[in-house]
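*Asks:* Below: one structure in structure tokens.
The values are calculated or read from the model by the stated rules, or taken from the named source; none is laboratory data. Every value quoted in this text rests on a predicted model; they were computed, and no experiment measured them. Methodologically, a virtual Cβ is constructed for each residue, glycine included, from the backbone with ideal geometry; neighbour enumeration extends over all protein chains shown.
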């Protein structure tokens with residue numbers, strides 16, 4: 001009888017722990033959903049990219065060329081970037097989109113045209 | 001327009017001396033030259049042209065990068081002071097301690113704005129055919145301002161002495177920075193001394209350096225005591241155009257012009 005009582009008590013403890021784990025999982029799922037929402041909205045959200053020259057050194061050469069082409073203009077289409085780098089438009093479109101996914105470039109749409117830019121956020125001078 | 005950045009792995013290699021005199025040589029050949037002080041942590045051009053700075057500089061390059069003035073307001077035309085055939089305009093970095101401290105505290109975002117501003121300045125010089133040459137006198141080693149200038153330039157001129165420490169520093173800069181940006185790079189061996197440790201095996205120093213750095217040495221300028229001891233506010237290319245140091249730089253200018 002005592003053994004059975006102990007088993008029930010243990011089971012109740014396991015259930016309690018499982019409930020705790022479940023609540024933590026709920027919290028993580030909710031947090032993940034919020035992060036995903038921010039991530040998916042990045043293409044249209046104004047960002048403060050940090051594609052400075054030191055960050056550039058950590059990037060592969062293909063992306064570095066795209067960033068340098070974007071340094072020279074306010075904003076550019078993939079075709080504009082291709083003209084500056086001498087590479088093809090699909091290559092530049094791929095590189096620019098990769099920079100957007102990395103949070104290093106902005107992407108805006110005007111009608112059918114997509115523009116890429118590297119504009120740092122406004123900063124109050126120290 | 002050709003954009004040159006004059007850089008080095010360590011300080012005291014003669015970057016400013018070469019940059020200022022090369023700018024004068026090119027301006028005297030009739031080219032329109034823009035000389036920019038990209039050494040915001042140790043500005044030198046304001047000292048070299050101190051007589052002019054006092055009454056002609058309204059805005060510093062720092063002001064331009066901070067968005068306080070336009071491209072045409074930051075460049076100071078000094079051609080009339082030297083009667084050059086071409087135009088020589090200079091963008092001065094602010095040498096005050098407050099300005100240097102200000103640059104040191106800048107953020108990543110500001111540095112991104114700075115590199116874009118540099119590109120806009122070059123575009124302005126290119127657009128109206130204001131410039132034939134733009135020369136950046138940079139800060140030694142790995143500094144934001146120097147790398148910004150290097151990224152914006154077509155040709156990187158690394159100035160080094162034949163000292164082994166200089167060689168290592170130059171090698172690291174080339175490996176980690178210039179080669180990563182696929183910049184066309186040439187070396188100027190300044191203050192060259194034949195009794196150097198690199199010549200222990202009696203091999204050709206230039207060949208050894210070229211083998212290590214994998215970039216051509218375009219000039220080997222000997223160490224001239226009178227140049228080192230001379231008054232830095234007097235431009236050698238103006239005061240002593242026949243000096244062998246200037247003759248060496250004339251050859252550098254020829255090579256750059258034909259490149």
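*Asks:* Filter the range B:57-89 down to the residues that are touching a residue at least 60 places away in the same chain (Cβ under 8 Å) and not in a loop (DSSP other than H, G, I, E, B) and list them by number. Let's see the steps before the verdict.
*Replies:* Taking the range B:57-89 as the starting set, the residues that turn out to be touching a residue at least 60 places away in the same chain (Cβ under 8 Å) are B:82, B:84, B:86-88.
Scanning the range B:57-89 gives B:82, B:88.
*Asks:* Additional query: Looking at B:247, B:183, B:202, B:239, which one is within 19 Å of the chain's Cα centre (by Cα) and modelled with pLDDT under 90?
*Replies:* Result of the check over B:247, B:183, B:202, B:239: B:183.
*Asks:* Look through the range B:120-133, keep the residues that are more than 14 Å from chain A (Cβ to nearest Cβ) and buried (at least 19 other Cβ atoms within 10 Å of the Cβ), and return whichever of them is nearest to residue B:173 (Cα to Cα).
*Replies:* In the first step, residues of the range B:120-133 are kept if they are more than 14 Å from chain A (Cβ to nearest Cβ); the result is B:128-133.
Then keep just the ones that are buried (at least 19 other Cβ atoms within 10 Å of the Cβ); that gives B:131-133.
Numbers: B:131: 28, B:132: 27, B:133: 24 Å.
Here the residue is B:133.
*Asks:* While we're here: Filter the range B:15-47 down to the residues that are in a loop (DSSP other than H, G, I, E, B) and surrounded by 24 or more Cβ atoms within 10 Å (Cβ to Cβ) and list them by number.
*Replies:* Matches in the range B:15-47: B:39, B:40, B:43.
*Asks:* In the range B:156-195, which residues are under 20 Å from residue B:38 (Cα atoms) and touching a strand residue (DSSP E or B) at 6+ places or on another chain (Cβ under 6 Å)?
*Replies:* Within the range B:156-195, B:156, B:157, B:158, B:159, B:170, B:178, B:183, B:184, B:185, B:186, B:187, B:188 qualify.
*Asks:* Take the conditions assigned by TED's automatic domain parsing to the domain that holds residue A:55, more than 24 Å from residue B:114 (Cα to Cα) and touching a strand residue (DSSP E or B) at 6+ places or on another chain (Cβ under 8 Å) and apply them to residue A:109. Does it pass? I'd like the intermediate steps shown before the answer.
*Replies:* Details: assigned by TED's automatic domain parsing to the domain that holds residue A:55: yes; more than 24 Å from residue B:114 (Cα to Cα): yes; touching a strand residue (DSSP E or B) at 6+ places or on another chain (Cβ under 8 Å): yes.
Yes, satisfied.
*Asks:* Of all residues in the range B:154-173, count the ones that are within 14 Å of another protein chain (Cβ to nearest Cβ), surrounded by 18 or more Cβ atoms within 10 Å (Cβ to Cβ) and modelled with pLDDT of 90 or more.
*Replies:* To start, the set of residues in the range B:154-173 that are within 14 Å of another protein chain (Cβ to nearest Cβ) comprises B:154, B:156, B:172-173.
Subsequent filtering for residues that are surrounded by 18 or more Cβ atoms within 10 Å (Cβ to Cβ) retains B:156, B:173.
From the residues that got through so far, the ones that are modelled with pLDDT of 90 or more too are B:156.
Of the residues in that region, 1 qualify.
*Asks:* Identify, from the list B:107, B:145, the residue that is surrounded by fewer than 18 Cβ atoms within 10 Å (Cβ to Cβ) and either in contact with a strand residue (DSSP E or B) (Cβ under 9 Å, 6 or more places away or on another chain) or under 29 Å from residue A:64 (Cβ atoms) (or both).
*Replies:* Working: B:145 fails: surrounded by fewer than 18 Cβ atoms within 10 Å (Cβ to Cβ).
None of the other options fit; the residue is B:107.
*Asks:* Look through the range B:181-193, keep the residues that are over 10 Å from residue B:157 (Cα atoms) and surrounded by fewer than 18 Cβ atoms within 10 Å (Cβ to Cβ), and return whichever of them is nearest to the other protein chains (Cβ to nearest Cβ).
*Replies:* So, considering only residues that are over 10 Å from residue B:157 (Cα atoms) and surrounded by fewer than 18 Cβ atoms within 10 Å (Cβ to Cβ), the one nearest to the other protein chains (Cβ to nearest Cβ) is B:182.
*Asks:* Which one is surrounded by the fewest Cβ atoms within 10 Å (Cβ to Cβ) among residues in the range B:110-119 that are closer than 15 Å to residue A:69 by Cα and at the interface with chain A (Cβ under 7 Å from one of its Cβ atoms)?
*Replies:* Looking at the filtered set, the residue picked out is B:119.
*Asks:* Taking the criterion of being away from chain B (no Cβ under 14 Å), modelled with pLDDT under 90 and out of contact with any helix residue (DSSP H, G or I) (no Cβ under 7 Å at 6 or more places or on another chain), would at least one residue in the range A:77-84 satisfy it?
*Replies:* The answer is no, given that none of the residues of the range A:77-84 is away from chain B (no Cβ under 14 Å), modelled with pLDDT under 90 and out of contact with any helix residue (DSSP H, G or I) (no Cβ under 7 Å at 6 or more places or on another chain).
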